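Working notes, beginning with the structure itself.
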Amino acid sequence: MAWITADSRLRFAVLLGAVASITGAVLLTGLIPPVVGLGETVRLPIFHGASTWVNLGAFTLLGVVALAALATGRRELDGWTTGIRSVSAAMWLVNTALGAFAAMETWDFTGSEEGFLTIAQQDPRLIVQAQLLLLAGALLVAVGLVDGRRVKAAMDIAFVAVMWWLLGSALTSPGARVLHPDNPVMNSGPEIQLPFFAILAALSLGVLLLAWFARELAVRSSAKKP
């Protein structure tokens with residue numbers, strides 16, 4: 001059909017590739033063997049861990065691209081910052097919900113009179129996840145309210161800087177290891193590590209493809225503006 005252009009076919013292929021990569025990452029969790037204590041439930045926090053690291057990498061990439069845009073003034077980088085920002089923020093929303101669900105499924109509440117929310121407030125990592133979700137939402141709103149390209153880039157850079165500061169504070173706090181084991185994947189055998197890094201790779205590819213797709217939508221939307 002004449003209205004189906006080469007560009008539209010490419011966008012569809014990229015979107016299909018992203019969906020396939022993310023679906024593959026989910027299916028790879030089936031390769032993770034049950035462990036003593038958690039059984040097959042261990043697959044949930046391992047997938048969440050891989051997804052979170054990919055998400056943090058995407059946010060970091062946003063900061064790098066925004067810094068390049070701020071330093072060079074190249075307009076073609078604006079589409080990339082828009083694409084990476086929107087995909088990363090949406091992914092963090094999913095990861096925040098997934099992290100809370102993983103905690104509820106794996107924490108042992110036996111003999112405790114405190115509810116999940118009370119205990120979660122004592123976990124620096126869950127607190128930072130919620131804080132970053134609010135900051136990511138604020139970032140999306142803020143960049144939508146301003147027109148200045150350099151201002152938007154500066155906002156992205158500031159967000160990433162605050163993100164790593166919050167993460168550093170959480171990981172070095174006294175309570176960081178109370179509810180989480182210390183580096184569980186790297187302290188496990190290859191039967192855990194290999195699926196973890198396969199999931200990491202599949203999710204990374206999926207997120208990059210989604211970011212490219214979102215960039216294309218942003219560029220097309222910008223081109224239609226008078």
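The values are calculated or read from the model by the stated rules, or taken from the named source; none is laboratory data. In this text, all values refer to a predicted model and were calculated from it rather than measured experimentally. With ideal geometry, Cβ positions are generated from the backbone for all residues, glycine too; neighbour counts draw on all protein chains shown.
Between a residue in segment 144-164 that is within 19 Å of L132 (Cβ to Cβ) and any residue that is assigned to a loop (DSSP other than H, G, I, E, B) and modelled with pLDDT under 95, which pairs come within a Cβ distance under 7 Å, given they are 6 or more apart or on different chains? Within 7 Å, the pairs are K152/V146.
Taking residues in segment 189-208 that are modelled with pLDDT of 95 or more, and partners anywhere that are loosely packed, with under 14 Cβ neighbours inside 10 Å, the pairs with Cβ atoms closer than 8 Å and at least 6 places apart or on different chains are G206/V19. L28 meets the stated requirement of being in a helix (DSSP H, G or I) and farther than 19 Å from S88 by Cα. State yes or no: is W53 surrounded by 20 or more Cβ atoms within 10 Å (Cβ to Cβ), of a type in the set (F, W, Y) and either modelled with pLDDT under 95 or at negative phi (or both)? Spelling it out, it is not the case that W53 is surrounded by 20 or more Cβ atoms within 10 Å (Cβ to Cβ), of a type in the set (F, W, Y) and either modelled with pLDDT under 95 or at negative phi (or both).
Within segment 5-35, the set of residues being hydroxyl-bearing (S, T, Y) and out of contact with any Phe, Trp or Tyr (no Cβ under 8 Å at 6 or more places or on another chain) comprises T5, S8, S21, T23.
Once segment 132-174 is narrowed to residues that are surrounded by fewer than 16 Cβ atoms within 10 Å (Cβ to Cβ), closer than 19 Å to A90 by Cα and β-branched (V, I, T), the residue that is farthest from the chain's Cα centre (by Cα) is V141. Candidates are the residues of segment 1-37 that are under 18 Å from F101 (Cβ atoms) and touching a helix residue (DSSP H, G or I) at 6+ places or on another chain (Cβ under 6 Å); the one that is surrounded by the most Cβ atoms within 10 Å (Cβ to Cβ) is A25.
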